[in-house]
Amino acid sequence: MGKNDPYDPTTFFARLAAGQQEDGIQSYFTEPPLLISKHAAADITSLAKGWQYYSDYVPSIAAIATDSAGKVYGIPTNGYTLGIYYNRKMFSAAGLNPDQPPTTWDDFRKYAKALTTSSVAGFAETSTGNQGGWHFTNWMYTAGGDMQSADGSKATFNSPKGASVLQLLKDMRFTDNSMTKEQLFTQAQTLQLLATNKVAMVVMAPDQLNTLQSQYGADLKNFGIGPMPQNGGNASLAGGNLWVFNPKSSPDVIKAAFDYVVYTNFDLNVHELSLAQQAANGQAVGAPTAVLFKGDFQSKLTALNVKYANVPLDNYATFINTTNGLRPEPRRQTQKMYAALDPVMQAVLTNASADPQKLLDQAASQFQQVLDSSGS
C-alpha cells in the first residue's frame, strides 16, 4: 500500500525498476512530466473520472497530473505558497509594525538590517538539499524572471534578474551583515533558527506552522506570515504534493491504493475527524493553504478548516489577502535544476568575492546539458 516514505527523486526510478516501489507514493507537483515520460506512474484516468470530486479540481491543479492527451496520472492532495515567516516581537522591538511585513526587496533589506542584533540575524536562507535552487526560483519569480523557456528546452535563469537575486542575498550577507554567518541550511534548520529566536525572518510556507509549534514549542501568537517581498514580478512560487501509483501494480491493487488516497484525504467525515483530532492534540489547525477545488466541495473543506482553526489568522492577513500571482515550479527536470543551483546559492552566501553572473552562467550551461540529453 502507500507508505509515507518521502519521495526521493534520486532513488525513485531505481526502486521502481527493482520492484521495490510502493503501490502509491506521495510526490511533488514538479514530477509528473518526468514520471509520465519514463512510464513511472500508472494511468488512473478511469479511476479519477469516476471519483465524485475529480471534476471539482481547479483546472490548473488538475492539469499538473494530466498529459497532453488528457490522461490522468496523479491526485493532487495539498498545495502551498512560499512567504516570509517573521518574529512579531522582534519587529516591535526594532520599531517595525508587526502587522506590516516588508512588501518590496528594498524594504526587506532595510527590515533585515533593522532586525539584526549581536545575537539575532535579520534573515536566514536555504542552500542545500535542492532547497537553494527551490528558493532561488521563488526569488526569481518575485523579480519577474523565468527559470526555463516556455517549452522547457532552454535554461534561462542566468539572466540579469537571476543575477539580481544573488546580488541581493550577497549584499545582505556581506555588506549589511544581516544574515547568519553560518550557512548551508535546509528549511528544517532555518525554521529551528526562527523558533529559537536566532533569526527574525525566513522564507517558509504555512504548512510548517504545526512543526514550529509542536516540534519547537513556539507560541504562534509571536509569529506572522507575510507575502514574498517583490521586485517587479508580483508573484511567488506555489507548489504541492500529489499521489502517483505504481504502473507495475495490478489494476485491483492500484484501485485499492487510489480509493485509500481519496478516502483519507477527501472524505469530508474523515477530514473533519482528522482536524478535530489534530486540534484536540494541540496541533496547529487552519493554516492558510492553496485552494485545490472550486465550488461546493471547496466551500465545505474551507468551512471545516475554519471550524477547527486554532492558529492566529490575523497574523497572516497580509499573506492571505495578497494580490500577488502564484507561479508553479518549472516543469522540466526540476529537481536536477534545483541541484545545479544549490552551489550557486552557497557561493554567494559564503564567499564575499563570488561573481553572481559567472556562477549562473556555469550552472545554466551545466543544466542545459541535462535538458539536452533528456529529450522532450
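The values are calculated or read from the model by the stated rules, or taken from the named source; none is laboratory data. The structure presented is a predicted model; accordingly, all values stated were derived computationally and were not measured. So basically every Cβ, Gly included, is an ideal-geometry build from the backbone, and we count neighbours across all protein chains shown. Just the protein is used for accessible areas: all its heavy atoms, side chains included, with ligands, DNA and RNA removed. Shrake-Rupley method; radii C 1.70, N 1.55, O 1.52, S 1.80 Å.
Worth a mention:
- Distance between the 7 Å Cα→Cβ label points at residue 274 and residue 58: 1.9 nm.
- Cα gyration tensor shape for the range 218-376, rounded if a/c is under 1.5, else prolate or oblate: oblate
- Taking a point 7 Å from the Cα of residue 171 along the Cα-to-Cβ direction, the residues of the range 87-130 with backbone N closer than 12 Å to it are 105-110.
- The chain, relative contact order in percent, only Cα pairs under 8 angstrom and at least six apart counted: 29 percent
- Modelled spin-label separation between residue 306 and residue 196, with each label point placed 7 Å from Cα along the Cα-to-Cβ direction: 4.0 nm.
- As a calculated quantity, the FRET efficiency between residue 89 and residue 255 at R0 = 56 Å, using C-beta atoms, amounts to about 0.60.
- With the highest mean first, a sort of the peptides 88-98, 23-33, 152-162, 133-143 on other beta-carbon atoms found within 10 angstrom per residue produces 133-143, 23-33, 152-162, 88-98.
- The protection proxy used here, the mean number of other Cβ atoms lying within 10 Å of each residue, ranks peptides 294-301, 279-286 as follows, highest first: 279-286, 294-301.
- Accessible area per residue for the chain, computed on protein heavy atoms with a 1.4 Å probe, is 43 Å².
- Its residue count N fixes a reference of 2.2 N^0.38 Å for the range 1-152, and the Cα radius of gyration divided by that reference is 1.40.
- The per residue volume of the convex hull around the alpha-carbon atoms of the chain is 133 Å³.
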